[in-house]
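Taking it in order: structure first as structure tokens, then the write-up.
The values are calculated or read from the model by the stated rules, or taken from the named source; none is laboratory data. Here the structure is a predicted model, which means the values were calculated and not measured. Here the Cβ positions follow ideal geometry from the backbone for every residue, glycine too, while neighbour counts run over all protein chains shown.
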């Protein structure tokens, strides 16, 4: 059973969090300030700390999640720089908190396994929670109203089996949203299978999606399961679905209607239990008018539509994103994250970012490599404009 330490000056907050976490299968202890928390850490072992940002977090290697009454970018950046795995605003959304707790424990467990051996081994510093964990999904970074709206949609839609269409420009993070929907669903323990519909030639898309029998065509030297079968019991993420041919769209429509597919070269139907999440950077209603997309398929895949905003529409989140990328890129390179001047961050906020978050990440990586000890506004002008 995973053990959580709660640090908050408010007794009512401590009691509410303790009661809910114990109900969810966690062991808990609570402290009203950093000194009391440090004393508890010296006496026992904890898997995670939940701490109000007004309280001092004990100087340990225990992962922690920051809780704050302030929804400012500065407070979030400061918490993340101090080592917080996540930053949540009060009043706390319990569903989001539980997802964050599971993710933090899973991540710490993975890191502990890499350093001390296999998960669950006697030397591993992190014990597994006995309740089913949400599979790891990268956090959706941002405190802007636009991103908070996306996050709220994910939390509402993830637990059900409704099909979801994710729209947005290239590089906005549509796959991230799809993975978050899968991680928050009852299918989280099943496979997450993705297919880029734009990257597969039209003559091969049917075989890729539905599989084929041996001898179905010249190069079919053995039987092969398609993406629908591979995703059975889980989620199939169909990226760039707007680029599929009309013939392939008709096959997908049948699979969604009947919940069964047939491999190329076979007349036998195979039942599949799959949740389909689709994504596109195109305006599908306009594609329907042009005769490029089937209207009946659109209504099948678009029970819920989640639009991911372009980065220029939530530029207030750029400081948080920059800080996140500095840390993650530093981890990839095995170096400490570089400091960045406020003027440099402001310069990044004023750019248009037609490639959205993907372009911003590339820019931060470039600055990490080419700048001096600190990233300055001049570095941004030289390497990003």
Checklist outcome for this item: For the range 40-53 the number of residues that are under 18 Å from residue 11 (Cα atoms) and surrounded by fewer than 22 Cβ atoms within 10 Å (Cβ to Cβ) is 3
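So which of 294, 290 is more than 30 Å from residue 371 (Cα to Cα) and in contact with a helix residue (DSSP H, G or I) (Cβ under 9 Å, 6 or more places away or on another chain)?
After ruling out the rest, the residue left standing is 294.
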Checklist outcome for this item: Among the residues of the range 74-123, the number that are surrounded by 17 or more Cβ atoms within 10 Å (Cβ to Cβ), part of a loop (DSSP other than H, G, I, E, B) and at pLDDT below 80 is 0
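Given the criteria in the same structural domain as residue 88 (by TED's automatic domain parsing), modelled with pLDDT under 90 and touching a helix residue (DSSP H, G or I) at 6+ places or on another chain (Cβ under 9 Å), does residue 17 qualify? If you could, list the steps in order and put the result at the bottom.
Details: in the same structural domain as residue 88 (by TED's automatic domain parsing): yes; modelled with pLDDT under 90: no; touching a helix residue (DSSP H, G or I) at 6+ places or on another chain (Cβ under 9 Å): yes.
For residue 17, the condition - in the same structural domain as residue 88 (by TED's automatic domain parsing), modelled with pLDDT under 90 and touching a helix residue (DSSP H, G or I) at 6+ places or on another chain (Cβ under 9 Å) - is not met.
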Checklist outcome for this item: Among (1) in contact with a helix residue (DSSP H, G or I) (Cβ under 7 Å, 6 or more places away or on another chain); (2) outside any loop (DSSP other than H, G, I, E, B); (3) surrounded by fewer than 17 Cβ atoms within 10 Å (Cβ to Cβ), residue 56 falls short only on (2)
Item to check | Identity of the residue in the range 140-160, under 14 Å from the mean Cα position of the chain (by Cα) and outside any helix (DSSP H, G or I), that ends up surrounded by the fewest Cβ atoms within 10 Å (Cβ to Cβ) | outcome: 140
Next on the checklist: Residues that are farther than 23 Å from residue 183 by Cα and not in a helix (DSSP H, G or I): does the range 227-239 have at least one?
Outcome noted: no
Item to check | Where residue 309 falls short, out of the listed (1) surrounded by fewer than 19 Cβ atoms within 10 Å (Cβ to Cβ); (2) at pLDDT 90 or above; (3) not in a helix (DSSP H, G or I) | outcome: (1)
Checklist entry - Out of all the residues in the range 260-287, which are within 27 Å of the chain's Cα centre (by Cα) and surrounded by 14 or more Cβ atoms within 10 Å (Cβ to Cβ)? => result 272, 274, 275, 276, 277, 278, 279, 280, 281, 282, 284
Next on the checklist: For the structure I just gave you, tell me whether residue 14 is free of Cβ contacts under 8 Å to residues at least 12 places away in the same chain and assigned to a helix (DSSP H, G or I).
Outcome noted: no
Checklist entry - What is the one condition in (1) within 22 Å of residue 180 (Cβ to Cβ); (2) in the same structural domain as residue 257 (by TED's automatic domain parsing); (3) crowded, with 19+ Cβ neighbours inside 10 Å that residue 297 does not satisfy? => result (1)
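Could you go through the range 176-186 and let me know if any residue there is in a loop (DSSP other than H, G, I, E, B), in the same structural domain as residue 266 (by TED's automatic domain parsing) and under 20 Å from residue 261 (Cβ atoms). If you could, list the steps in order and put the result at the bottom.
Just the residues of the range 176-186 that are in a loop (DSSP other than H, G, I, E, B), to begin with: 184-186.
Going one step further and asking which of them are in the same structural domain as residue 266 (by TED's automatic domain parsing), we end up with 184-186.
Okay, now just the ones that are also under 20 Å from residue 261 (Cβ atoms), so none.
The answer is no, given that none of the residues of the range 176-186 is in a loop (DSSP other than H, G, I, E, B), in the same structural domain as residue 266 (by TED's automatic domain parsing) and under 20 Å from residue 261 (Cβ atoms).
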